[in-house]
Amino acid sequence: YNMTYSEDLKSFAVTLHYYSSQAYNFLRRTLHLPHPDTIRRWASSCGVEPGFLKDVHSLQLQLANEPAMQDVCIIFDSMSIRKQVMFDAKEKKYAGYVNHGNFIMTSPETVATESLVFLVVGLKRLFKAPFAYFLVDKVISAILSQIIKDSIILIAEAVFHVQALTLVMDPM
């Protein structure tokens with residue numbers, strides 16, 4: 001049967017499950033909490049397309065209460081992904097091609113092999129939040145430099161003070 005949950009309970013459940021799925025499952029034995037599959041379904045319905053995510057500005061609300069969150073570092077790294085194209089029935093389109101968000105794509109038929117992910121990380125108050133990702137297959141320096149510039153501008157417009165930019169690289 002379908003259960004409806006209050007927004008407060010949804011927020012609590014998602015947060016608890018994010019921090020510790022074991023603690024969530026323990027509490028679920030005594031409290032009436034949604035099944036973990038329901039939480040995953042809620043999280044998957046966010047509509048996260050490659051490019052800059054819209055949730056960056058939600059961090060601004062926390063800034064009003066905690067000025068210590070203002071000093072941040074932008075961290076980015078690329079991660080290997082499986083080279084494949086799949087049909088997304090929900091969006092009714094194929095996914096897996098190179099996608100630079102709002103930037104010009106190199107070729108619409110090139111299959112992505114990496115995901116370039118950007119995080120904003122607090123320096124004084126520990127927090128981290130992804131704010132952008134791009135599907136790439138060997139990103140060229142002109143596009144990467146534009147993405148980095150736009151990242152700094154986006155984070156600065158959200159009233160953060162960008163103190164550092166870090167590229168995480170795997171050791172050879």
- [ ] Scan the range 21-53 residue by residue and report those that are of a type in the set (S, T, N, Q), surrounded by 12 or more Cβ atoms within 10 Å (Cβ to Cβ) and at pLDDT below 90.
- [x] SER21, THR38
- [ ] Could you please tell me which pairs satisfy a Cβ distance under 8 Å, a separation of 6+ or placement on different chains, a first residue in the range 6-21 that is without any contact (Cβ under 8 Å) to a residue 12 or more places away in the chain and on the phi > 0 side of the Ramachandran plot, and a second residue that is open to solvent by 70 Å² or more (accessible area, probe 1.4 Å) and part of a loop (DSSP other than H, G, I, E, B)?
- [x] none
Task: strands (runs of 3 or more DSSP E) lying entirely in the range 74-160 (those with 2 or more residues that are farther than 25 Å from TYR18 by Cα, open to solvent by 30 Å² or more (accessible area, probe 1.4 Å) and out of contact with any Gly (no Cβ under 6 Å at 6 or more places or on another chain)) - done: 86-88, 93-95
Task: Lone qualifier among ALA142, ALA89, ALA156, ALA95 - being modelled with pLDDT of 85 or more and among the hydrophobic types (A, V, I, L, M, F, W, C) - done: ALA156
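The values are calculated or read from the model by the stated rules, or taken from the named source; none is laboratory data. Quick caveat: nothing in here was measured; it's all calculated off a predicted structure. Positions of Cβ are generated from backbone atoms using ideal geometry, with glycine treated the same way; all protein chains shown enter the neighbour counts. For accessibility, only protein heavy atoms count, side chains too; no ligands or nucleic acids. Shrake-Rupley method; radii C 1.70, N 1.55, O 1.52, S 1.80 Å.
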